[in-house]
Amino acid sequence: MTDDALPPADADARRAIAPVICYPNETLPVPPLSLYQTARQTAHKVDEVLVPARDARCFHAPKGHFFRISSVDGPQVGDLNLWNAHDLRERFYSGKTRALHGTHLTTGERMWSSFPHLRPMATITHDTLSWYGIDPYGGSVHDVIGTRCDPYTGNLLSGTQYHHCCHSNLTRALAAETGLGLLEAEPHVHDVLNVFMCTGFTRDTGQYFMKASPVRPGDYLEFFAEIDLLGALSACPGGDCSSEHSSDTAMCHPLLVEVFAPADGVLDGWQPSVPNGYDRSHGV
């Protein structure tokens, strides 16, 4: 052990200092879940998209609509990107969502957009896996800590050229939906909400881990669209992520996205979320 690794005399006292929550969220706007639940009761399905295994598809969820991601054939996780349907520069900000809500999301929590907008894009209104909580390993579901499996990390670690990881799947789907070329679409692909994925950090090394997802056919995660949304969902090549990803080894299944429109008048008085009120002067 080198001298700079030796603990100081007050090491235990330093470690014993209590933590402070960086962003106390008691003052966050509270979503009107009772209104959303009432609206959902009479909403009707207007669209659905079946996302093939090891691939991705885009979907549209207009403001005031609901969208549901469901397991249909077997345990499967999905990587979700969201954009403002009218401006791809406004997109889901997983890091700030994590800072505001925590490492994993569930009912009543929101997906927040990137700067300078920082507003709710979608609110989770129903989660059939909310019972899972935090397991003895520190794992939980629907994380905002993983970035998405990608070909660059695969090449870095294993020298592979795998093209059906979530990053590439989302890039192809966005390019096909928008007409952008692959190289134009790729920078718009961003860190995801890992739907149904069970993840955490190891206690000894602090490494990101995954384990078999508890999702089963019939389970779903449902959202309320706070603005007009363009979404893209990848059915991860890791399947239930019990062993590996970024390969064709794991058993994979499709995922279903359904979009529901509210009945006329049920959302009277509701307003879409508005961009953040910061004046953007940055002290000048």
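The values are calculated or read from the model by the stated rules, or taken from the named source; none is laboratory data. Note that the structure is predicted; figures quoted are calculated from it, not measured. Calculation scope for accessible area: heavy atoms of the full protein, side chains included, ligands and nucleic acids excluded. Shrake-Rupley method; radii C 1.70, N 1.55, O 1.52, S 1.80 Å.
Check cross-link reach from Lys63 to the lysines: straight Cα distance under 18 Å, and skip same-chain residues fewer than eight apart.
Reachable lysines: Lys45.
Can you give the convex hull volume per residue for the Cα atoms of the stretch 1-85, as a whole number of Å³? Before the final figure, lay out the partial values.
Details: hull volume 23.9 nm³, N = 85.
Residue-normalised Cα hull volume stands at 281 Å³.
For the stretch 183-284, what does the equivalent ellipsoid look like in terms of its semi-axes, each the square root of 5 times an eigenvalue of the Cα gyration tensor, given largest first in whole Å?
Values: eigenvalues 210, 110, 47 Å².
Semi-axes, largest first: 32, 23, 15 Å.
At q = 0.12 Å⁻¹, what log₁₀ I(q)/I(0) does the chain have when each alpha carbon counts as one equal point scatterer in the Debye sum?
Per q value, in the given order, log10 I(q)/I(0) is -0.78.
Excluding residues fewer than 8 places away in the same chain, name every one of the aspartates and glutamates whose C-alpha is closer than 14 Å to that of Lys96.
Glu109, Asp143, Asp191
Only Cα pairs within less than 10 Å get springs; with that Gaussian network setup on the chain, which residue of Leu157, Leu100, Leu183 has the largest fluctuation?
Maximum fluctuation in the GNM of the chain, among the listed residues, is at Leu157.
Percent of accessible area on the stretch 91-136 owned by carbon and sulfur, 1.4 Å probe? Write out the running numbers ahead of the final one.
Working: 1020 of 1770 Å².
Ligands and nucleic acids excluded, carbon and sulfur reach 58 percent.
Tell me the Kirkwood hydrodynamic radius of the stretch 85-214 in angstroms, computed as one over the mean inverse distance between distinct C-alpha pairs. Spell out each step's value before the answer.
Working: mean 1/r = 0.0621 Å⁻¹.
The answer is 16.1 Å.
Relative to the compact-globule scaling 2.2 N^0.38 Å, provide the ratio for the alpha-carbon radius of gyration of the stretch 152-233.
1.36
Before I look further, what does the chain give for accessible area per residue, probe 1.4 Å, in whole square angstrom?
Working: 14270 Å² over 284 residues.
Result: 50 Å² of accessible area for each residue.
Considering the chain as a Gaussian network with a 10 Å cut-off on Cα pairs, which listed residue, Ala263, Ala85, Ala13, attains the greatest mean-square fluctuation?
Looking only at Ala263, Ala85, Ala13, the biggest GNM fluctuation is shown by Ala13.
Quick one: ranking Met210, Met121 by accessible area, 1.4 Å probe, largest first, what do you get?
Details: Met210 50, Met121 0 Å².
So, going from the largest accessible area down, we get Met210, Met121.
In whole percent, and with a 1.4 Å probe on the protein chains, what portion of the accessible area of the stretch 205-245 is carbon and sulfur?
46
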